[in-house]
Amino acid sequence: MVYTEPVRFGRDTLTLSTEFSGINSPAAQTLIPAGFGIRCMAGIIDLLVLGIPFSVFVSFLAVGMNIWYSFFFAFHSGRPMPDDLLLKGPTFIRISLIFFVVSSWLYFAFLESSPWRGTAGKHFLGLYLADEQGATISFWRATKRFLGGRLLFHVPTVGLLYFFIDCLCIRVLPRNRAIHDRLAHCLVLQATPTLR
């Protein structure tokens with residue numbers, strides 16, 4: 001389905017020629033930028049979805065590194081850390097972080113460039129991702145969006161500050177765009193105007 005229609009984003013009015021794949025409802029014809037609240041809810045859902053394979057991986061990694069007993073049962077606050085955790089803990093944390101970053105990248109990049117046009121959280125809440133012309137984004141554009149946003153969140157100290165500034169941009173910039181949306185030239189849109 002291809003059409004051209006004027007779209008209003010706050011103070012801005014744009015005309016987008018759009019081809020939608022997977023969004024066939026009449027509500028999709030009016031492009032509405034997703035607000036801060038609904039994007040946060042989608043992010044929480046995505047974090048829960050990503051937490052499932054991560055917890056399974058961490059459990060198997062603890063068993064594989066033979067630190068499972070200390071990791072799950074022997075380590076308590078106020079007591080000295082077990083020797084095997086002191087020795088293998090930094091490697092365990094590095095491997096876990098690498099797994100989380102890579103699985104997050106694949107999750108976001110594949111789903112945002114798929115016919116769903118968004119992650120499970122976005123899809124569940126009726127949000128979708130589009131480029132500035134309203135078309136589906138490519139895997140590499142979704143990767144650029146991930147690198148400009150979620151990957152930077154994992155950088156110690158700077159990551160948390162960047163995350164808060166990125167969230168603030170959704171509230172104050174036109175078209176409700178975060179920094180990573182601007183870097184990748186993307187829009188997060190709402191299929192229905194219900195949860196703004």
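Seen from a random direction on average, the alpha-carbon convex hull of the range 45-152 projects onto 8.4 square nanometres. Taking the average, over residues, of other Cβ atoms within 10 Å as the packing measure, peptides 71-79, 174-182 rank 174-182, 71-79 from highest down. The H on the amide N of I32, modeled in the peptide plane, is under 5 Å from the matching H of Q190, each at least 5 residues off or on a different chain.
All of the numbers you see were taken from the coordinates with simple rules; none came from a lab. All of these numbers come straight from a predicted model, not from anything done at the bench. Using ideal geometry, Cβ is built from the backbone for each residue, glycine included, and neighbour counts are taken over all protein chains shown.
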